[in-house]
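Notes follow the structure.
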Amino acid sequence: MRAMTKSPLRLAREALALGQSALPAYSGRFSRHDFTQPQLFAILVLKLFLKTDFRGIVAVLAEWPDPRRTLGLKKVPHYSTLCYAQERLLEKGKFQRLLSAVWDRARQMGLVDSKPEVAIDATGLESRHVSAYYVHRKGYRRFKRKRWPKLTAVAHTTTHLIAGVVVSQGPSQDSPRFPDAIRQAATHLHPDRVLGDKGYDGEHNHRLCREELGIRSTIIPINKRNRGRKWPKSKYRRQMRRRFFKRKYAQRWQVESVFSRHKRRLGSALTTRSKTTQRREILLRVL
């Protein structure tokens with residue numbers, strides 16, 4: 001496991017190299033060619049790292065020459081340029097190419113082991129900057145949130161890199177997001193073992209991993225479901241009942257550490273308001 005960098009310039013340099021390996025220089029033949037797509041992607045990453053908005057990162061680039069020099073900028077982009085760039089660069093196809101480039105970079109650095117182990121879980125993010133303590137003391141019901149952005153992630157337990165992402169709205173059940181997240185993770189690395197909590201208990205999830213995706217082991221504890229049945233009828237859930245590897249399952253907490261680091265470094269509250277822009281911000285946070 002490696003520590004996260006504290007240097008904005010080092011992060012910008014890495015994001016620029018990542019964008020150059022995954023994205024074409026320009027989005028179209030007849031575009032203005034003022035900025036390359038990798039440059040815009042690196043600026044967006046730097047914006048999140050510095051916890052500012054589009055106007056804020058433009059001010060930073062205008063006043064600090066070092067980021068401009070690192071990114072090779074001849075001029076500072078307008079804040080609306082960055083807003084439109086985030087919309088284009090976080091489309092499904094381009095996001096997957098960028099995530100694949102992350103894992104290619106990790107393999108080049110020797111961070112991915114031969115039998116990778118992944119853990120899946122979900123977490124909620126704040127959709128507005130409201131003091132929970134103030135709301136609790138005052139008892140204002142109109143401030144209580146009804147829905148919130150929900151991130152389901154498949155994380156590599158060794159490096160804490162995220163291989164599969166599904167963005168939805170909570171509160172909701174975890175299990176329906178399992179197939180999309182695991183299939184996405186399987187395109188970036190071939191997991192040897194999948195760890196999940198009781199929220200993902202289901203024979204169909206075991207079958208998807210073992211029979212369709214070729215994953216050797218799945219460790220998901222049984223949710224008793226108040227049915228009074230001592231032994232499950234299905235094959236893989238009976239295996240979980242017969243022999244459960246507690247020592248291996250103990251590594252599931254690694255995904256909790258991923259979420260903890262995510263919120264400590266980038267904050268638990270999103271800066272955007274609509275569901276579409278919140279989804280883009282979450283995907284950019286993952287990258």
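The values are calculated or read from the model by the stated rules, or taken from the named source; none is laboratory data. The shown structure was predicted, so the numbers you read here are calculated from the model rather than taken from an experiment. Here the Cβ is made from the backbone with ideal geometry for all residues, glycine too, and neighbour counts use every protein chain on show. We work out accessible area using only protein heavy atoms, side chains counted, and drop any ligands, DNA or RNA first. Shrake-Rupley method; radii C 1.70, N 1.55, O 1.52, S 1.80 Å.
Quick notes
- Hits in the stretch 184-229 - residues which are touching a helix residue (DSSP H, G or I) at 6+ places or on another chain (Cβ under 8 Å), closer than 22 Å to residue 161 by Cβ and of a type in the set (D, E, K, R): 193, 197, 216
- Filtered by the rule that a residue be in a helix (DSSP H, G or I) and either under 17 Å from residue 184 (Cβ atoms) or not charged (D, E, K, R) (or both), the stretch 104-124 gives 104, 106, 108.
Here's the yes/no breakdown for (1) exposed (fewer than 13 other Cβ atoms within 10 Å of the Cβ); (2) without any contact (Cβ under 8 Å) to a residue 40 or more places away in the chain; (3) in a loop (DSSP other than H, G, I, E, B); (4) in contact with a Gly (Cβ under 6 Å, 6 or more places away or on another chain):
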residue: 5; (1), (2), (3), (4): yes, yes, yes, no
residue: 32; (1), (2), (3), (4): yes, yes, yes, no
residue: 46; (1), (2), (3), (4): no, yes, no, no
residue: 61; (1), (2), (3), (4): no, yes, no, no
residue: 69; (1), (2), (3), (4): yes, yes, no, no
residue: 75; (1), (2), (3), (4): yes, no, yes, no
residue: 82; (1), (2), (3), (4): no, no, no, no
residue: 94; (1), (2), (3), (4): no, no, no, no
residue: 102; (1), (2), (3), (4): no, no, no, no
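- Cβ-Cβ under 6 Å pairs, at least 6 apart or on other chains, the stretch 180-206 side more than 24 Å from residue 233 (Cβ to Cβ) and without any contact (Cβ under 8 Å) to a residue 60 or more places away in the chain, far side hydrophobic (A, V, I, L, M, F, W, C) and part of a loop (DSSP other than H, G, I, E, B): 186/213
- Hits in the stretch 186-200 (condition: in contact with a Leu (Cβ under 9 Å, 6 or more places away or on another chain), part of a loop (DSSP other than H, G, I, E, B) and either of a type in the set (Gly, Ala, Ser) or surrounded by fewer than 19 Cβ atoms within 10 Å (Cβ to Cβ) (or both)): 190
- Selected residue (criterion: surrounded by the fewest Cβ atoms within 10 Å (Cβ to Cβ)) from residues of the stretch 262-276 that are in a helix (DSSP H, G or I) and under 15 Å from the mean Cα position of the chain (by Cα): 264
- Qualifying positions in the stretch 240-259 - open to solvent by 50 Å² or more (accessible area, probe 1.4 Å) and out of contact with any Pro (no Cβ under 8 Å at 6 or more places or on another chain): 242, 243, 245, 246, 247, 248, 250, 251, 253, 256
- The stretch 18-30, residues that are outside any loop (DSSP other than H, G, I, E, B) and either without any contact (Cβ under 8 Å) to a residue 12 or more places away in the chain or within 23 Å of residue 277 (Cβ to Cβ) (or both): 18, 19, 22
- Residue within the stretch 146-157 that is in a helix (DSSP H, G or I) and closer than 25 Å to residue 107 by Cα present: no
- Where residue 88 falls short, out of the listed (1) touching a residue at least 60 places away in the same chain (Cβ under 8 Å); (2) open to solvent by less than 50 Å² (accessible area, probe 1.4 Å): (2)
- Selection of the stretch 201-239 for residues being under 17 Å from residue 175 (Cβ atoms), open to solvent by less than 20 Å² (accessible area, probe 1.4 Å), outside any loop (DSSP other than H, G, I, E, B) and out of contact with any Leu (no Cβ under 7 Å at 6 or more places or on another chain) yields 205, 206, 208, 209, 218, 236.
- Residue within the stretch 242-261 that is among the polar types (S, T, N, Q), assigned to a loop (DSSP other than H, G, I, E, B) and either out of contact with any Phe, Trp or Tyr (no Cβ under 8 Å at 6 or more places or on another chain) or at pLDDT 90 or above (or both) present: no
- Residue that is nearest to residue 17 (Cα to Cα) [pool: residues in the stretch 48-59 that are outside any helix (DSSP H, G or I) and open to solvent by less than 80 Å² (accessible area, probe 1.4 Å)]: 50
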